[in-house]
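One structure is given below, encoded as structure tokens.
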Amino acid sequence: MARPIRFLLDGEVRELAADIDPTLTVLNLLRYHLRRTGTKEGCAEGDCGACTVVLGELAGERVRFRAVNACILFAPMLDGRALYTVESLGREGALHPVQQAMVDLHGSQCGFCTPGFVMSLYAHQREGAPTDAQSLKDALAGNLCRCTGYGPILAAGQAMGRTPEPDIAEALGAIQPAEGLVIQHRGRRFFAPRSAAELAAILEANPDATVLAGGTDVGLWVTKQQRVLETVVSLNDCADLKAVEDLGGAIRIGAAVRYADAHAALAALHPEFGELLRRLGGLQVRNLGTICGNIANGSPIGDMPPALIATGATLVLRKGGARRELPLEAYFLAYGRQDRAPGEFVEAVIAPKPAAGRVFRIAKLSKRFDQDISAVCLGLSVGVEGGRVTDARIAFGGMAATPKRAAACEAALAGRPWTRETVEAAVAALAGDFAPITDMRASAAYRLEAARNLVRRAFLESQDAAPRVLDAEAVAYG
Amino acid sequence: MADSGAARVLPVLHAPIGHDSAPRHVSGEALYIDDIPEPPGLLHLCAGLSERAHARVTRLDLSAVRAAPGVVAVLTPADVSGRNDISPFAGDDPLFAEGEVMFLGQPLFCVAAETLPKARAAAALAAVEYEDLPLLLTAEAALAAGSFIEPSQTMILGDARAAIAAAPHTVSGHLQVGGQEHFYLEGQVALAIPGEGADLHVWTSTQHPTETQHILARVLGCADAAVTVEVRRMGGGFGGKETQSVQWAAMAALAARMTRRPAKIRLDRDDDMAATGKRHDFEINWTLGLDADGRLRGARFEFASRCGFSADLSHAINDRAMFHADNAYALQAAEIVSHRTRTHTVSNTAFRGFGGPQGMMAIERALDAAALALGRDPLDVRLANLYGVAGDTTPYGQTVEDAVIREIMEALAAGCDYRARRTAVQAWNADNDHLKRGLALTPVKFGISFTTTYLNQAGALVHVYTDGSIHLNHGGTEMGQGLNIKVAQVVADAFQVPLAAVRITSTRTDKVPNTSATAASSGSDLNGMAALDACEQIKARLADWAQANYGHAPRFTADGVQVGAEFFSFRDFVNQAYLARVSLSAAGFYKTPDIHYDRTTHKGRPFYYFAYGAACSEVAIDTLTGENKVTRVDILHDVGRSLNPAIDLGQIEGGFIQGMGWLTTEELVFDATGRLRTHAPSTYKIPTAGDRPDAFNIAIWSGGENREPTIHRSKAVGEPPLMLAISVFSALTDAVASVGGHKAMPNLDAPATPERILAAVNDVRRRAGE
């Protein structure tokens, strides 16, 4: 007999039968099955944050609280976790301090985005995160508000008081399943194994299955493309895929490691990674999406591949018990096609730490700084010794049908003096590397020119501390 | 609770009181239409949308749609019992396209099914064949083809051509200004429940319940009186639910009528963005004549806007662009020409500012160019041409009587150290090649009133119950702007009762009929006055009774109702009046006085008054990528005597950020087939918290007081602050110009995306080098 999905709602154990629609979203579960209509649908694609709820997950002894988008979270992904919605906090007349601060500081106007903001702030508070303006802006980048201009909400974030919260670690521990989850719904199946070995076996037996990590891409197949997924295999509960390992000189990031959980390790690899991840998606996306998922789906505009390729990263693929490693750039064969056999999955990515003294830069160009998909993304790593380039690894996203190295540009740098003249020759070679497209994010001409200028900017920054526009503050005077 | 015999009532007028719904917003208890418990038998709707921008529909086979699981009905033009038209007035906006589709995303039919997923799945099964027809996608193309929604309009003041020809300096240019998606967080939604006979009750997220009622009756072929439209609140409107909400309400109404079952429609975000209108994009040609000191001699503007496939509200929107081509400046002589092009794109519509922002962009760009040509600080050119400094006659013949804008701009310039920062920015730019900074201080003067004069009327309904509680209803709708709390403050103040005694209720066409849209920033002005009228009627009856009964007129005070030497609680007093058979209910009414306008000559006094404000923005740009950041903003805004400073500050900040998005990150991209490629928040980028400037100082102008007897001397605030963001665009232009030492005027169009900024930087470099 299949076991049900077990999760905590407001600290109480709830069960969902093992025959529910496996791609029922948590948003629809809340709104239409549990009559909790405080959580709103604004976009159904994880970009507006109106559906933000908070998940509590056991991380060792402690509980990790994450703001996530309910609209692209499948209900089986609640298994073994705690769910909080805006109704969990307080009601009119007995508001939670986070809610009260939003009232006191005029943080709501039309009110539709408000529950999402409340939940993002609640998660921020439960995590004990800092409440300086920048930290709050980063925490709220995944929540869109069209009314307030954000000032009152940021003020509420700084002013919010606290209330004692019950410790749910024990209750969460009590619902941790001993074995994986299997959902069967009218011939459709959902598997959530507990280990990489189980995962590998299920995928080998079901080579057509959809591999589900955070769901920040796969979720949209369901909500936006109305696709019916026959077999879904979730790697979210594979404990042995959740590790970021220090290999000494490199880190190994497992397939289930979310952006948020890799953030510190990647920032330690190089601060440029920290800034990239700060701007990648909103926090709700970083709390679900995985580094390896961003690679595995093969998107030409994923931000991790160019940056990781620049480090010389390798990808670990696994099928059954067999593993193989390949340079990350070799994984991307063509648009929509990757070097991944049926039944095979991305198990980890290994990223070497850029050697001290290398020029290492990541640049992300988008219409909006926060939570926007790149028009062009650059990862650049140039070794310079005695004023001469030893080797260069330069990769771009948004410039081709796949993330791709700029071979001609790299060749034009290698062995030459690291000077403006060399860089000019190298950026001229980019036209041979790339024939970008024009789309809604940018024109082909802009992409090519911006790509050249990003390499030029990397050179300028290597010469002296060139200021970045994002760091600009109001001009000093008087 | 209403018995205030003991406690003194705190003043509520002009006080920073929070939004009445805030505790329910933050707890999720505020009900939006999709949150209303679903009635048994509810049908869910999904519209089938055109896949072509302009085509003859040669085949529309819906048999697979009808046969799909869960489908109960499929609505087509043949099912429209009344007229297949949902237009506000022009008769050119079908509920369902018939024979010919006019834009990509136009509804062809609508499925009613047992669940929403089933309705959506079924809608995708339609077999539609098209025969493509020629496309006009842009204003430029339509202008060349002579495709218009109405004849071009011209507004004339003096002889602008002669004045410009005689001027010592002439400057001219071209500017493109992009459109804007409303991106209300709550998408379009409506729920219709059939009653007895022809009766129908419709909940819809709309700014215009009355027009919805009238159009639904027209589509159904029934009397207005059979249809009741109700809206408690919207999850944002911004103009996008003034007319654009009607189509979906009409589908729900028609489905409910056909099936005798409740029917709900809620658009997916992508459908919402494809199928509903947006802010008009504009092509603008301008020419100024000036003297050597930068004083205007005359100005000419030629506007061409993309109206889309139907008229919608484009007549009035483009009129308002013309009304604001002067912004705050005495043009001396003006010729303002406006072309309203008909294109095969979604019908553009009202959006906060209603054409005014595009008009203002024209003159602000022109003055930036004039300042650059004359080598003067743009602020000095602006100050020299203000109403109150350089004249007082607008191009439409209205006299500007309260030209307080100079006072506001000078106070702002002093308060934000504009001069010192101008020097600092220049010095910084001289020392830096890669990043450049820009600074600009621009004014806003925005005309308040519907320019269609008859719309300037409103009604309210006030009941006083015998426990002293008050039921307040008015014709305005709440979309987050705080209208309800402001009107409640007016009512509480009128009776001197606590705010909690006033019960705010949903807007309904069966309580207050024949209302205008909540639009044109007029909500508080109109409905506040109508509610006050209702209160005064009740108070007059109470006074008559008290005079007859006690020999004294009553005074409504913070300590209760004073009658001669006696004090009664409000509850006690109204209960006595009830027992004496005094009516405690009144319908209030208001119409704005003194306004008139002749559209054939474009002359008159269309505006009751003007709202003013000024903003100073400072930016930085990356000259290698075009990336840009707003580093500091200072705002000083005139709201008259604010009814509620907390609400007004919220409108000012929110309006500014929304305007900043319009001019920077928000880009609507249509491809060559007419398909909107930026149809979701993944591709259409409104500002996030991170875009809010770190240094952001907002103040309400302390000198504000409406010269006209508006509601407690306040001023409208909904739209004007949006245009404060033009200062950001001017500052970006200034930063780009610095690349060429302010020798070449940047050809920067809006929105100023990184791509456009980089192109403008390159262009300036090239021209300045020549």
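The values are calculated or read from the model by the stated rules, or taken from the named source; none is laboratory data. Since the model is a prediction, treat every value here as computed from it, not as a measurement. We place every Cβ from the backbone using ideal geometry, glycine too, and count neighbours over all the protein chains shown. We work out accessible area using only protein heavy atoms, side chains counted, and drop any ligands, DNA or RNA first. Shrake-Rupley method; radii C 1.70, N 1.55, O 1.52, S 1.80 Å.
Quick check: anything in segment B:463-470 part of a strand (DSSP E or B) and under 30 Å from B:N318 (Cα atoms)? No. What number goes with the only condition from (1) of a type in the set (G, A, S); (2) closer than 30 Å to B:F351 by Cα; (3) in contact with a strand residue (DSSP E or B) (Cβ under 6 Å, 6 or more places away or on another chain) that B:S522 does not pass? For B:S522, the exception is condition (3).
Of all residues in segment B:446-461, those satisfying the criterion of being within 19 Å of B:P513 (Cβ to Cβ) and touching a Phe, Trp or Tyr at 6+ places or on another chain (Cβ under 9 Å) are B:T452, B:N456, B:Q457, B:A458, B:G459, B:A460.
How many of the residues in segment A:167-191 are over 18 Å from A:V222 (Cα atoms) and either of a type outside the set (D, E) or open to solvent by less than 40 Å² (accessible area, probe 1.4 Å) (or both)? Residues meeting the conditions: 13.
May I ask you to say which residue of A:A256, A:A267, A:A262 is more than 14 Å from chain B (Cβ to nearest Cβ), without any contact (Cβ under 8 Å) to a residue 60 or more places away in the chain, within 14 Å of A:A213 (Cβ to Cβ) and part of a helix (DSSP H, G or I)?
Step by step, each of A:A256, A:A267, A:A262 is checked, and only A:A262 is more than 14 Å from chain B (Cβ to nearest Cβ), without any contact (Cβ under 8 Å) to a residue 60 or more places away in the chain, within 14 Å of A:A213 (Cβ to Cβ) and part of a helix (DSSP H, G or I).
Picking from residues in segment A:356-373 that are within 10 Å of chain B (Cβ to nearest Cβ) and hydrophobic (A, V, I, L, M, F, W, C), the one that is farthest from A:H270 (Cα to Cα) is A:I373. Looking across segment B:663-703, the residues that are open to solvent by 10 Å² or more (accessible area, probe 1.4 Å), hydroxyl-bearing (S, T, Y) and either more than 9 Å from chain A (Cβ to nearest Cβ) or closer than 28 Å to A:A474 by Cα (or both) come down to B:T664, B:T665, B:T673, B:S702. Among the residues of segment A:407-418, those identified as without any contact (Cβ under 8 Å) to a residue 40 or more places away in the chain, surrounded by 15 or more Cβ atoms within 10 Å (Cβ to Cβ) and within 15 Å of A:G386 (Cα to Cα) are A:L413, A:A414, A:R416. Can you name the residue in segment B:149-162 that is surrounded by 17 or more Cβ atoms within 10 Å (Cβ to Cβ) and in contact with a Lys or Arg (Cβ under 6 Å, 6 or more places away or on another chain) and, of all such residues, is farthest from B:T287 (Cα to Cα)? Out of the qualifying residues, it is B:I149.
Of all positions in segment B:204-211, at least one carries a residue that is more than 19 Å from B:G82 (Cα to Cα), out of contact with any strand residue (DSSP E or B) (no Cβ under 7 Å at 6 or more places or on another chain) and away from chain A (no Cβ under 14 Å).
Once segment B:121-174 is narrowed to residues that are in a loop (DSSP other than H, G, I, E, B) and touching a Ser or Thr at 6+ places or on another chain (Cβ under 7 Å), the residue that is farthest from the other protein chains (Cβ to nearest Cβ) is B:S152. With the structure loaded, tell me whether B:S730 is outside any loop (DSSP other than H, G, I, E, B) and either in contact with a Pro (Cβ under 9 Å, 6 or more places away or on another chain) or within 11 Å of chain A (Cβ to nearest Cβ) (or both) or whether it fails that test. So B:S730 passes the test. For segment A:419-474, the helices (runs of 4 or more DSSP H) that sit wholly inside it and include 1 or more residues that are open to solvent by less than 40 Å² (accessible area, probe 1.4 Å) and at the interface with chain B (Cβ under 9 Å from one of its Cβ atoms) are A:444-463. Within segment B:57-76, restricting attention to residues that are more than 18 Å from B:K264 (Cβ to Cβ) and among the hydrophobic types (A, V, I, L, M, F, W, C), the residue that is farthest from the other protein chains (Cβ to nearest Cβ) is B:V57. When B:A165 is tested against (1) open to solvent by 30 Å² or more (accessible area, probe 1.4 Å); (2) closer than 30 Å to B:F729 by Cα; (3) of a type in the set (A, V, I, L, M); (4) touching a helix residue (DSSP H, G or I) at 6+ places or on another chain (Cβ under 6 Å), just one condition goes unmet, and that condition is (4).
If you filter segment B:16-56 down to residues that are open to solvent by 30 Å² or more (accessible area, probe 1.4 Å) and assigned to a strand (DSSP E or B), you find that the one that is farthest from the other protein chains (Cβ to nearest Cβ) is B:R56. Comparison of A:R258, A:R337 shows that the only residue that is open to solvent by less than 40 Å² (accessible area, probe 1.4 Å), over 27 Å from A:A355 (Cβ atoms), among the charged types (D, E, K, R) and at pLDDT 95 or above is A:R258. B:L216 satisfies every condition listed in (1) in a loop (DSSP other than H, G, I, E, B); (2) without any contact (Cβ under 8 Å) to a residue 40 or more places away in the chain except (1).
Between A:A330, A:A307, the distinction of being outside any strand (DSSP E or B), more than 23 Å from A:G142 (Cβ to Cβ), at pLDDT 95 or above and not assigned by TED's automatic domain parsing to the domain that holds A:G398 belongs to A:A330 only.
The residue that is nearest to the other protein chains (Cβ to nearest Cβ), among those in segment B:733-763 that are over 15 Å from B:T625 (Cα atoms) and open to solvent by less than 10 Å² (accessible area, probe 1.4 Å), is B:P751. Does B:G197 meet the test of being of a type in the set (G, A, S) and within 13 Å of chain A (Cβ to nearest Cβ)? Considered against the rule, which asks whether it is of a type in the set (G, A, S) and within 13 Å of chain A (Cβ to nearest Cβ), B:G197 comes out as no.
Checked against (1) within 14 Å of chain A (Cβ to nearest Cβ); (2) surrounded by fewer than 24 Cβ atoms within 10 Å (Cβ to Cβ); (3) assigned to a loop (DSSP other than H, G, I, E, B), B:H552 passes all but a single condition, namely (1). The set of residues in segment A:111-120 that are open to solvent by less than 10 Å² (accessible area, probe 1.4 Å) and either over 19 Å from A:L55 (Cα atoms) or more than 7 Å from chain B (Cβ to nearest Cβ) (or both) comprises A:G111, A:G116, A:F117, A:M119, A:S120.
I'd like to check something: does segment A:265-275 contain any residue that is modelled with pLDDT of 95 or more and either within 29 Å of A:A44 (Cβ to Cβ) or assigned by TED's automatic domain parsing to the domain that holds A:A67 (or both)? No. When you check B:G588 against the structure, is it open to solvent by less than 40 Å² (accessible area, probe 1.4 Å), more than 14 Å from chain A (Cβ to nearest Cβ) and over 25 Å from B:P513 (Cβ atoms), yes or no? Taking the combined requirement at face value, the residue does not satisfy it. Out of segment A:121-131, which residues are open to solvent by 20 Å² or more (accessible area, probe 1.4 Å) and either of a type in the set (A, V, I, L, M) or within 11 Å of another protein chain (Cβ to nearest Cβ) (or both)? A:A129, the sole residue that qualifies. In segment A:287-300, of all residues being away from chain B (no Cβ under 14 Å) and open to solvent by 10 Å² or more (accessible area, probe 1.4 Å), the one that is nearest to A:L380 (Cα to Cα) corresponds to A:P300.
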